[in-house]
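Enquirer: I have a structure I would like to understand better, so I am pasting it below and will then ask my questions one at a time.
The values are calculated or read from the model by the stated rules, or taken from the named source; none is laboratory data. Values in this document were obtained by computation on a predicted structure and should not be read as measured data. Neighbour counts are summed over all protein chains in view; Cβ atoms, including those assigned to glycine, are modelled from backbone coordinates with ideal geometry. Only protein heavy atoms, including side chains, enter the accessible area calculation; ligands, DNA and RNA are left aside. Shrake-Rupley method; radii C 1.70, N 1.55, O 1.52, S 1.80 Å.
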Amino acid sequence: MSARVIVTDAEERAVLGACRGLASAGYRVSAVASRRPAATHWSRSCSKRFLAPDPRDSVQAFVAGLEQLLDEGDYAALIPGSDGSLLAISEHRDRLEQSTRLGLPPSEAVRKSMDKVQLHRVAASVGLPPPASRSCAGTSEGAAAAAELGYPIVVKPASSFSRAGEGLRQQRVTLVENEAALLGALQAYAPPFIVQRFEHAGFLSCSGVIADGRLLALTTSSVPRLWPAIAGMHTFSETVAVPAGLAARVRALLCELGWQGIFQLQMLERADGGFSVIDLNPRVFASMTLDHRAGANLAAIWCEWLLGGRPIPVTATPGFRYRWEEGELCHFVWQLRRGRLRAAASVLLPHRRVAHAWFRVTDPAPLLARALRLPLKHVERTLRRDAPLVEREQLLPPPAPALTEPGRATQGQ
């Protein structure tokens, strides 16, 4: 009988890509969501569907839900689907590892891998230095750093998630184009935070699986389009050959951080031919369906190693493409409003060998779930952003008190 794997954050396209990859390799996949509709719950790759509290609302309730689920089922592995879930699972691993395999490195290595200050330091030491950056302890240091580096600048939290009461607070990256917008941007960040020079350069993604100090899978892809268009997430990317020497530097960086598992490094292509690291996702990531399509099924490779197998190292094949549907639509409209007709038209060009974030001919329902989810997600983000921390519990839908499995009739199958 095939092994059962459980993945959190079923709302996210990263998790949909991971679950599709696992199912194609013969694993039976259960997916946990905190909100409905969750796209992965509507996928044919998902055999069981569960609801659990959101770690952003209550870490303890989230972990207790997973603990209950693992106690009631026979799961060979648990895969976190987001930074928040990864942090919560890592910090409470003693309650979960008795029932399943996590494969996580020590808690200190997880925290280090999620710390952008540490990432910048290690990246510089292995020949992948970030753009000029300053770590700041407050708004005055941030203002001084911006004046020194010059505009536009990017403001980043040291870590995307930090503790806030019983839950977790998420902080995102902000692009600041001038001094007038700086103070308001800095006030949104808890120190320490990073002020980084914004570089106009090409984007390169380097993703894969690392275990026992070996790269078991590696994919490199160029990223010509983003949403938001200036400093956002991949809407279109294409696999390319691994640049000479890059694999060794990536391996050295991950080993120095102590990371083990699935990863995605985001980099800029410098004018001198080198690369600058700007971020690390030590988990499943949004465009990993591209890796699978190009021959590197990262989730399945990770689980094979985690369950005692010896996967043969693979490198993704160049020439495969990824499209994030609503991101492409937003990018198209953004270019059109600015009169950039050629750039807008390029978004509409058809391509061969494309992996879409949500849609598959053989698995179309997740796209419908996503369409239903988008307006609800916008409302929830507005509430999280605007509400004071002490009031969020009143404004947000209450987390489920115990883990529940929604009826299959409601999941579009």
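Enquirer: What number of residues within region 305-316 are touching a residue at least 60 places away in the same chain (Cβ under 8 Å) and surrounded by fewer than 24 Cβ atoms within 10 Å (Cβ to Cβ)?
Expert: So the count comes out to 7.
Enquirer: With respect to His234, determine if the residue is of a type outside the set (A, V, I, L, M, F, W, C) and loosely packed, with under 15 Cβ neighbours inside 10 Å.
Expert: Judged against the criteria, His234 is not a match.
Enquirer: Which one of these does Gly339 not meet: (1) touching a helix residue (DSSP H, G or I) at 6+ places or on another chain (Cβ under 9 Å); (2) open to solvent by 30 Å² or more (accessible area, probe 1.4 Å); (3) among the small types (Gly, Ala, Ser)?
Expert: Failing condition for Gly339: (1).
Enquirer: Examine region 75-92 for a residue that is over 22 Å from the mean Cα position of the chain (by Cα) and open to solvent by 30 Å² or more (accessible area, probe 1.4 Å), and state whether such a residue exists.
Expert: no
Enquirer: Looking at this structure, is Ala345 open to solvent by 30 Å² or more (accessible area, probe 1.4 Å) and not in a loop (DSSP other than H, G, I, E, B)? Show your work before the answer.
Expert: Working: open to solvent by 30 Å² or more (accessible area, probe 1.4 Å): yes; not in a loop (DSSP other than H, G, I, E, B): yes.
Considered against the rule, which asks whether it is open to solvent by 30 Å² or more (accessible area, probe 1.4 Å) and not in a loop (DSSP other than H, G, I, E, B), Ala345 comes out as yes.
Enquirer: Considering every residue within region 120-141, establish whether at least one is open to solvent by 50 Å² or more (accessible area, probe 1.4 Å) and under 30 Å from Gly309 (Cα atoms).
Expert: Among the residues of region 120-141, not one is open to solvent by 50 Å² or more (accessible area, probe 1.4 Å) and under 30 Å from Gly309 (Cα atoms), which makes the answer no.
Enquirer: For region 151-210, which residues satisfy the criterion of being of a type outside the set (Ser, Thr, Tyr) and closer than 30 Å to Ile312 by Cα?
Expert: Phe203, Leu204, Cys206, Gly208, Val209, Ile210
Enquirer: Can you tell me which condition Ala145 does not meet? The list is (1) of a type in the set (A, V, I, L, M); (2) surrounded by 21 or more Cβ atoms within 10 Å (Cβ to Cβ); (3) touching a helix residue (DSSP H, G or I) at 6+ places or on another chain (Cβ under 8 Å), and all the others hold.
Expert: Condition not satisfied by Ala145: (3).
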